[in-house]
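The block underneath contains the structure these notes are about, expressed in structure tokens.
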Amino acid sequence: MGSRPNTRRSPGLHTSAWTREQIAAIAPSPATTIPLVTAKGVRRLGADLDVWDIWPLQDARGRVVDYPLGRLWMGLTAPVLGDPGLRHAHARIWLLKERDGDFAALGPAMPDGFSPGACEWSGSSLLRADGRTVELHFTATGDRATGFSHAQRLFCATARLDIMGDTIGLKDWTPPVETVVADPAWQRAADGVDPAPGYIKAMRDPAIFQDPKDGRRYLTFAATLASGAPIFGGAIGVAVEAADGSWTNLGPLVQSEWLNHELERPHIVYASGRYYLFWCSQQRMFAPSSPKGPTGLYGMCADHVLGPYRPINGTTLVAANPLSAPAQTYAWWVDGDLDVWGFVDQWGTQGLNPADARKTFGGSVAPKFSLALDGDRAEII
């Protein structure tokens, strides 16, 4: 993967706005309501292990790679702590195996002390054309030498996929290389200095996408706008890879100035000749002066990978937790087959703030659901 990142801008980029009018038009609908999670749907990977954001090992077409022993995934994990909110400061990326929706934990994806960060946050992974090389894009958070903070940087490392019978692992890791850096012309640096408690700046969640039309590769990532107030300026950044393997930060693909603080886990799925850009956000991340959207999966679609993007369903809402359990699941990933994967967050609370968050924290992969796409519209099926 390449050399030094740069921050040149592209005249081909069309920045689209996430607007108040789109959010104000949201109305509850069975077509956009995620089924209620029950106790049967909370299937933990282990009594002492929490898991949340997950993503598949995908091929260049965005499909989940399938092996006889199962499909490979990665996810954020942490030891079970009294307060599940502390997990972010202990997050490690683990390799997971999935068969028919049942997941098993295989252990850390990268060796101890390998990441430049004090911990590892979300990313994406790709199996290269040789069928053996796994490319992992991830967020290094904090600093391995000085400890945890909310400072975030984007890295890539590769490993050799090693399958021996029913045993699978990643070996021969290459040193992590920083890919995309924040561009001060449009971004606030995610330097670990928070503008307000609970509202951290973003430079995270790199998601790899290869355009099937010309083979060019892009990274989308969560970002924070430099303009406006230091909070409620969430954005989705996009970078393109050059022939030498370096990445160019093109600018914001979607911006939500004065509307929402976090557009998390953005990723692109190509389907039926269109580009579908998905992200997730929580209700509490909408600005007090704006309409409030639910905690949910949002999206836009376009005819070109760099936009302009149009709101899916006219409102951007693709899927939301039910009104009776508004925080039951989160951090959704849409795979190339339009199956949607998230994690069980605060479930069974009936919309109340529980006195003991640990008792109601799922810390497990949520039951999947699927989408049907029809042009600019999407519904849960």
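Quick note: the coordinates plus some simple rules give every number you see, no bench work behind them. Please read these numbers as outputs of a predicted model, since none were measured by experiment. Because the Cβ atoms are built from the backbone with ideal geometry, glycine has one as well, and the counts that use them run over all protein chains shown.
From the list Ser272, Ser289, Ser281, Ser256, pick out the single residue that is surrounded by fewer than 22 Cβ atoms within 10 Å (Cβ to Cβ) and touching a residue at least 40 places away in the same chain (Cβ under 8 Å). So that I can check it myself, show each step before the final result.
On the way: Ser289 fails: touching a residue at least 40 places away in the same chain (Cβ under 8 Å); Ser281 fails: surrounded by fewer than 22 Cβ atoms within 10 Å (Cβ to Cβ); Ser256 fails: surrounded by fewer than 22 Cβ atoms within 10 Å (Cβ to Cβ).
Sole residue among the options that is surrounded by fewer than 22 Cβ atoms within 10 Å (Cβ to Cβ) and touching a residue at least 40 places away in the same chain (Cβ under 8 Å): Ser272.
Of the residues that make up the range 93-113, is at least one assigned to a strand (DSSP E or B) and under 30 Å from Phe232 (Cβ atoms)?
Within the range 93-113 (the criterion being assigned to a strand (DSSP E or B) and under 30 Å from Phe232 (Cβ atoms)), the answer is yes, since at least one residue qualifies.
Could you check the range 318-381 for strands (runs of 3 or more DSSP E) lying wholly inside it with 3 or more residues that are closer than 14 Å to Leu297 by Cα? Full working, then the answer.
Values: elements: 329-334, 339-346, 361-365, 369-374, 377-380.
Filter on the range 318-381 gives 329-334, 339-346, 369-374, 377-380.
Can you name the residue in the range 70-105 that is among the small types (Gly, Ala, Ser) and buried (at least 20 other Cβ atoms within 10 Å of the Cβ) and is also nearest to the chain's Cα centre (by Cα) among such residues?
Going through the range 70-105, the residues among the small types (Gly, Ala, Ser) turn out to be 70, 75, 78, 82, 85, 89, 91, 101, 104-105.
Those still in the list that are buried (at least 20 other Cβ atoms within 10 Å of the Cβ) too: 75, 78, 91.
On the way: Gly75: 10, Ala78: 17, Ala91: 15 Å.
Going through the qualifying residues, I end up with Gly75.
Taking the condition of a type in the set (Ser, Thr, Tyr), closer than 30 Å to Leu69 by Cβ and assigned to a loop (DSSP other than H, G, I, E, B), does Thr139 pass? Write out each step before concluding.
On the way: of a type in the set (Ser, Thr, Tyr): yes; closer than 30 Å to Leu69 by Cβ: yes; assigned to a loop (DSSP other than H, G, I, E, B): no.
Considered against the rule, which asks whether it is of a type in the set (Ser, Thr, Tyr), closer than 30 Å to Leu69 by Cβ and assigned to a loop (DSSP other than H, G, I, E, B), Thr139 comes out as no.
Please specify each residue of the range 39-64 satisfying the condition of being surrounded by fewer than 17 Cβ atoms within 10 Å (Cβ to Cβ) and either in contact (Cβ under 8 Å) with a residue 12 or more places away in the chain or over 28 Å from Gln346 (Cα atoms) (or both).
In the first step, residues of the range 39-64 are kept if they are surrounded by fewer than 17 Cβ atoms within 10 Å (Cβ to Cβ); the result is 39-40, 43, 46-49, 60-61, 63.
Matches in the range 39-64: Ala39, Arg43, Gly46, Ala47, Asp48, Leu49, Ala60, Arg61, Arg63.
Select from the range 38-51 the residues that are out of contact with any Lys or Arg (no Cβ under 7 Å at 6 or more places or on another chain) and part of a strand (DSSP E or B) and write down the one among them that is farthest from Thr77 (Cα to Cα).
Here is the first cut: in the range 38-51, the ones out of contact with any Lys or Arg (no Cβ under 7 Å at 6 or more places or on another chain) are 38-49, 51.
Then drop every residue that is not part of a strand (DSSP E or B), which leaves 43, 46, 49, 51.
Values: Arg43: 15, Gly46: 11, Leu49: 7, Val51: 4 Å.
Here the residue is Arg43.
For residues that are among the small types (Gly, Ala, Ser) and assigned to a strand (DSSP E or B), scanning just the range 142-195, find the one that is nearest to Gly123 (Cα to Cα). Walk me through it before giving the result.
Taking the range 142-195 as the starting set, the residues that turn out to be among the small types (Gly, Ala, Ser) are 142, 145, 147, 149, 151, 157, 159, 165, 169, 182, 185, 189-190, 192.
With assigned to a strand (DSSP E or B) added as a condition, the list becomes 142, 147, 149, 151, 157, 159, 169.
Values: Gly142: 16, Gly147: 20, Ser149: 18, Ala151: 15, Ala157: 11, Ala159: 15, Gly169: 18 Å.
The residue in question is Ala157.
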